[in-house]
Amino acid sequence: MGGKIITGARPVKLRTSGLTITGVEVERKSKERSVVEADTYLSTIALGEIAKLVEPGMETALTYRSLRFLNITLSGIENLSRNTWMYIPEADMIMTRIQEPKRRSPFSAPPGRTSVMLEIPCQRGDATWTMPGSSLLNLALGHLLKLGFDLRPHVTGCFSTFAEYAYPRMEIRYKNSVQPLRELVNRFDNLKTAGRQGLFKYIFMDTAMLAGRQWARQALGADFSAPADETGDEQALLEIQSVVA
């Protein structure tokens, strides 16, 4: 049967009939609009954004921390270190985490080459978000050198990717804002929110994927266990649990 993926488009309006979603109006970069119709809808966009589609013009108190990912390709190095990722807590470092994709899979780079991805906290539109790639690379290489990684002679290229809604900001009493928005969206009988952004919940990617599969089974009527949006509610330190489980 397959499926259809629409790229370069954003949802601009929900069409409803009572408490049922009948279609999602999407707008392409060309400003052309079309309607996507389905029986069941799952939203993974930021909770506040889907709420605004349900109730246009509404304001929400939820905020997110953005990330810019600086991806640096390297030659003449087999591996940067023995670690898949390294957290960088120092306040004077531009990055908070260093990841080496080749440590996850040796097929991520050919022999004698590797790459590193720096996670750099920022906000959409600020100086870090808009900094030219070459300037950010030069700054990052200087910080990496302070950490003991002299990568400048090995750099073959770099590029950036961006996540505007990377981390939910769980400020004091944030639940007072989250629950009404979830109830607003979930009042429809064929619309659910999911994922870190959609639930405004700090969960790992594997937990988000598990919840997505659980939602799919429930949508097909094959799973009547706990709702998918309750996945990841365990009161535990997830970083430790994921390593020792």
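The values are calculated or read from the model by the stated rules, or taken from the named source; none is laboratory data. Here the structure is a predicted model, which means the values were calculated and not measured. Heads up, the Cβs are rebuilt from the backbone with ideal geometry, glycines too, and the neighbour counts pull from every protein chain shown.
Computed quantities for the displayed model
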{"quantity": "Residue check for residue 189: in a loop (DSSP other than H, G, I, E, B), out of contact with any Ser or Thr (no Cβ under 9 Å at 6 or more places or on another chain) and more than 14 Å from residue 70 (Cα to Cα)", "calculated": "no"}
{"quantity": "Qualifying residue in the range 92-112 (condition: within 24 Å of the chain's Cα centre (by Cα), modelled with pLDDT under 95 and farther than 23 Å from residue 157 by Cα)", "calculated": "no"}
{"quantity": "Of all residues making up the range 139-177, the number that are exposed (fewer than 11 other Cβ atoms within 10 Å of the Cβ) and of a type in the set (A, V, I, L, M, F, W, C)", "calculated": "1"}
{"quantity": "Any pair with Cβ under 7 angstrom, 6 or more apart, that starts in the range 23-41 at a residue that is farther than 14 Å from residue 13 by Cα and ends at one that is among the hydrophobic types (A, V, I, L, M, F, W, C) and not in a loop (DSSP other than H, G, I, E, B)", "calculated": "40/219"}
{"quantity": "The range 152-184, subset in contact (Cβ under 8 Å) with a residue 12 or more places away in the chain and assigned to a helix (DSSP H, G or I), residue farthest from residue 55 (Cα to Cα)", "calculated": "153"}
{"quantity": "Top-ranked residue in the range 80-91 [being part of a loop (DSSP other than H, G, I, E, B) and surrounded by fewer than 16 Cβ atoms within 10 Å (Cβ to Cβ); ranked as nearest to the chain's Cα centre (by Cα)]", "calculated": "84"}
{"quantity": "Residue match in the range 130-138 (condition: touching a helix residue (DSSP H, G or I) at 6+ places or on another chain (Cβ under 9 Å), under 29 Å from residue 44 (Cα atoms), at pLDDT 95 or above and buried (at least 16 other Cβ atoms within 10 Å of the Cβ))", "calculated": "yes"}
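So that you can scan it fast, the table gives a plain yes or no per residue for (1) closer than 25 Å to residue 63 by Cβ; (2) within 23 Å of the chain's Cα centre (by Cα); (3) modelled with pLDDT of 85 or more:
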site	(1), (2), (3)
186	yes, yes, yes
196	yes, yes, yes
213	no, yes, yes
218	no, no, no
222	no, no, no
